[in-house]
Structure formats: C-alpha cells, structure tokens
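Single-structure report; data block below.
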Amino acid sequence: MMHMITLSSLSEDNLQKILSDNYVEPQWVSSNRKKILSKFSNLPSEVSPLYSKYTGLTVLKPEHVCFSNKEKVSVSKDLEIRLNEIKSSPSMLLIGSTVVHIFVPAELSEKGLIISTIQDAMTNHPELVKKYFDENYVNYEEDRFLALGSSAFQSGFFIYIPRNLIIEDPIRIVYSLRDDGTSSICRNLVLAEEGSKATIVQELYSSSSLTMTSDSNDNKLVGFDSRNTSDKVLNEHQKQQVGYFEFLECDVKSIAELEFITLQAMNMDTVCISNRKAFVGKDAKMSWYSGMFGSRLCRFKTDSVMNGSGAQSEDVQIVFGTNNQLFDITSNLDHVGFSTRGKVLVKSIVKDTAKSLFKGMIKIRKNAQTSEAYLAGHAILLNKGAQADAIPGLEIETNEVKATHSASVSQIDEEQIFYLMCKGLDRESAKREIINGFVEPLSRKMGPFIRAWISYLFENKWTGKPLLLKGDEVMEQIIEVEKSRYKETADIFEKHYKYR
C-alpha cells in the first residue's frame, strides 16, 4: 500500500510509511532517525528573533506538503535529453527517491571512487559513514529543517573520493522531484579523503505539474483533518505544495580540494530548503558556487567549518529573483583552526515583487589566530516593488585576525540606463548591461564552465525560457566566450579588510 503523510503530521511513529517498502536499513540508522525526528516539531524555524522578522518561511504550508513511499517514476523528455548528455561521465540521476541512473567509469571505480545512494552507503560501506559521524559533530537542534533532513531522508547521494585521487571531469548529480506533486527529503554526503581533488555539479529541477495524480486505489493520505476547511479544499482539488528538503554534508580532509556547484532551477511553485555543512581539514579547501534561479521559496543555509590549520573556504552565490519569489540565503564562516581563511560573496538581482534576504556570520574562535575572513552581500533592485535585506555579523574571540563584512541594497541607476539608451540600447537591454556589470566581478571568481552554466540559466530566465541546462548551440557559444576570459585570482584580503 502507498501511504501519503503531510509534513505537519510527520513523526517518529509514522516515519516508516514514507520510506521504501523494499529497503531494510541498519538498526543504528533507524535509532538515529527516531531520536532526531522526535525533536523536530519543537525546534524553531529560525535561530534568531532578528531573522524571524525577515523570514520567508511563512510561504511554507506544512499541512499541504505531502510525502509518499512511491518508487515508480516517469522520466520526462527533457530529463532524458539531459541524461544522454551526462551519462558517459561520472554521474547520477535521481527522481524523487528513485535512482534512474548511476555511472562510474571503470578506471575511477578501480581507484576507489564510489557514487551511490545514501541508503546503499549505510548498508555497504557503514565503516565510512560511521567514521564521518564520529569525527564531525553536528548539532541537529540548531535548525528544525536540519533535523528533518538528517532524520526523515527518503533518499540522497553518497560520494567517496579516495586518498590522492584527482578527478578531472566533474561528477554530475541531476535531481528532479516527481511529477505527482509529492515532496522529497534527501540527505547527501561527500567524503573527500586526504590529497584528493574533485568537482561536483548538482542540478535541481522539479516537474511543471503540481496536480497530484493517483494510479492506485490503495493510496492512503495521512495527516489531513476533514473538519479543516483548507484540507477539504485540498482533498477536493488534489492540490499540494511541493517541497524539496535537503541536508548536504561535505568532509574535506587534509590538503584535499573540493568544489561543489549547485544550479537551482526548480519551478516557480516549489519550496526548496537546503542545509549544508562543510568540515575542512588542515590545508584543505572547500569551494561553494551556486546559481539560484527557481522555486517560490529558496532557503539555503551554508556553514563552512574550518577545523584544520590553514583550511580555506569560499562561498560564491548569484541569485536572480522575479515575480513573487523569495530567496533566503545564509552563509556562515566558522574559523576553528589556526590561520584559516574564509570568504563569502553573494550578489542578488531582484525584479518585480521578488524578495531577497542575505544573512551571514563570521565566527573566529579562540585558537584561530592570524585567520582572515571576508563576508559580503549586495543586491540590486530592478523595480520599486522588489525588496532586499542583508544582515551580516561578526563574532571574534581572539586577536591578530583580519575580518570584515559589507552589505548594500540599491535601486538600478536611472542615469546609467539613460546613458546606455543614448548609445542605442532599448531600456531592457540597458538593464541587462548594468546587471552584467554588477555580477561581473563575482563571476570572475568562477571557472569558465561554471560561468557558462550560470549565464545560460540567467539568459533563459530573463527571456522566459525553461530553466534546464542543455548542451545546445547556445550553450556551446557561451562556453567558448567564457573560455576566452580569465579567472581572477587576486587576493581579496589585500584590498579590503580591517584589523581587530
């Protein structure tokens, strides 16, 4: 029997009903799930009352978000095309909780590279997963969605990069929600051993269909109260709010380098909530690069914990919001080890009545002397109805450090638009050129392929085309242009910091 359970009614008592009937997980996993999920409903959505004032989580309707244990999926024509483009490289395609495709080249498999589901990893490689849990402490009570992703996950990916393995081609992870209107919870884990180097590209999509379809009379919906008017409407029209909930963890060992690129292109009615944590070892480097384009509510919270001396972390994000979208972006730098370096650069372009919120915190611990940190969030508003806020912060517990933060929100300059129009551009083209200049310093921090992928999705959204990466002629032209440009490597700390 297929069960359906709402987010508002999810608990440790009915958790098993949203998990696959064919999967029997180890006892230690089940125990951890129930222990964490028992605290979920009592945890706050925001860690600070200040953040609560600006939160976009009011858009989330837990009683309308449904999960099921359904495994049967259909692959859309667009996803089939995307699969054909990536299937010869290290890759994985997940739809809902179902694996459609996994490929690891023989030469990389022989060297120890593992790409699998998180469930298979916990069953087939428990020593790797348990070792990670033992070495890295996560306070699951700091965020209710962190607790949700770590306990109620239905699927997710596991990537293990063995010691000293350098992977030239990016590992492609394509994820899409099912087309039946149900939501998904994923837990993803990346382990990069000492001296390894890899790039992971995550693409997030959702179906354009938000109407639940039923292919069985055995479906059972749990969590609706027929006495509630909103639930009556929901049952009558079979409409649901679709959500993607994720907890992603990256463990980067000594002198390893890991790039994690996220291209979020879900449809405009989806709720996308992601918690991300990176634990960075001695002289290792973690790089986050993100392009945020889709979803009704996009809430991404990234914590970069630099434990080892000489560890580095950077988080570079570009946000483009239109219509009534809400983007809630948090990026925190936690300097634990001696002489660590961290930087966060976020730029938001906000149009129509969209809203953008950037929150960031630099924490420099007592033993993190000579560390350097930089955090910046800037937004440009293209319409009077657009809104943006920024809340940066500092917590410094030691001396001999360099740390600064900056934030700005501004309307697009009408004088600049007028000047460009005098040069022959129409108003929309003039806006595009100004936006290009706004994001150019940020895009120079990225490699040519990342810039090309983000430019492609940005152009598609600006012109109203589908948000989906394709290896078409337009993409090839953008890649050729980006290859000719340079990647900026200048040290930002030489230009902008202040002593404490």
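Here are a few things to note about the model shown:
- Cut-off under 5 Å, modelled amide H: who pairs with THR262 long-range: GLN202, TYR289, SER290, GLY291
- DSSP loop chymotrypsin sites (Phe, Trp or Tyr not before Pro) with at most 14 other Cβ within 10 Å excluded, longest remaining stretch of the chain: 138-485
- Full-extension gain in nm, ASN323 to ASN367, via 0.36 nm per residue minus C-alpha separation: 11.2 nm
- Radius of gyration (Cα atoms) of the stretch 264-321, expressed as a multiple of 2.2 N^0.38 Å: 1.34.
- Given the alternatives (1) 0.95; (2) 1.14; (3) 1.22, Cα Rg over 2.2 N^0.38 Å as computed for this entry is given by (1).
- Atom-type composition of the exposed protein surface of the chain places 48 percent of the accessible area on carbon and sulfur (1.4 angstrom probe).
- Amide H contacts of ASN332: THR302, ASP303, SER304, MET361, each under 5 Å away and 5 or more positions distant or on a separate chain (H built 1.01 Å from N in the peptide plane; Pro and chain starts excluded).
- Applying 0.36 nm per residue to the separation of VAL100 and ASN14 and subtracting their alpha-carbon distance, the gain on full extension is 28.3 nm.
- Taking trypsin sites (Lys or Arg not before Pro) across the stretch 14-92, the ones in a DSSP loop with at most 15 further Cβ atoms lying within 10 angstrom of their Cβ are LYS39, LYS72, LYS87.
- Here is the list for the stretch 329-421: GluC sites (Glu not before Pro) lying in DSSP coil, each with at most 12 other C-beta atoms within 10 angstrom of its C-beta, are GLU397, GLU400.
- Inter-part distance where the stretch 3-35 and the stretch 50-64 are each reduced to a Cα centre, Å: 25
- Label-to-label distance, nm, for residues given as LYS423 and VAL75 (7 Å Cα→Cβ offset): 4.6
- Whole-number percent relative contact order across the chain, with pairs defined as alpha carbons under 8 Å at least 6 apart: 10
- On full extension, the segment bounded by MET268 and GLU433 gains 56.9 nm, given 0.36 nm per residue less the C-alpha separation.
- Trypsin sites (Lys or Arg not before Pro) lying in DSSP loop within the stretch 402-474, provided at most 16 other Cβ fall within 10 Å: LYS423, ARG444, LYS470
- Those residues of the stretch 120-163 whose amide nitrogen sits under 18 Å from the label point placed on LYS34, 7 Å along Cα→Cβ: 148, 150-154
- Positive-end extreme of charge dipole, the chain - chosen from LEU43, ALA284, PRO62 (charges on Cβ): LEU43
The values are calculated or read from the model by the stated rules, or taken from the named source; none is laboratory data. Remember, predicted model here, so these are calculated numbers, not experimental data. All Cβ positions, glycine included, derive from the backbone under ideal geometry; neighbour counts span all protein chains shown. Quick note on the areas: whole protein, heavy atoms, side chains included, nothing else; ligands and nucleic acids left out. Shrake-Rupley method; radii C 1.70, N 1.55, O 1.52, S 1.80 Å.
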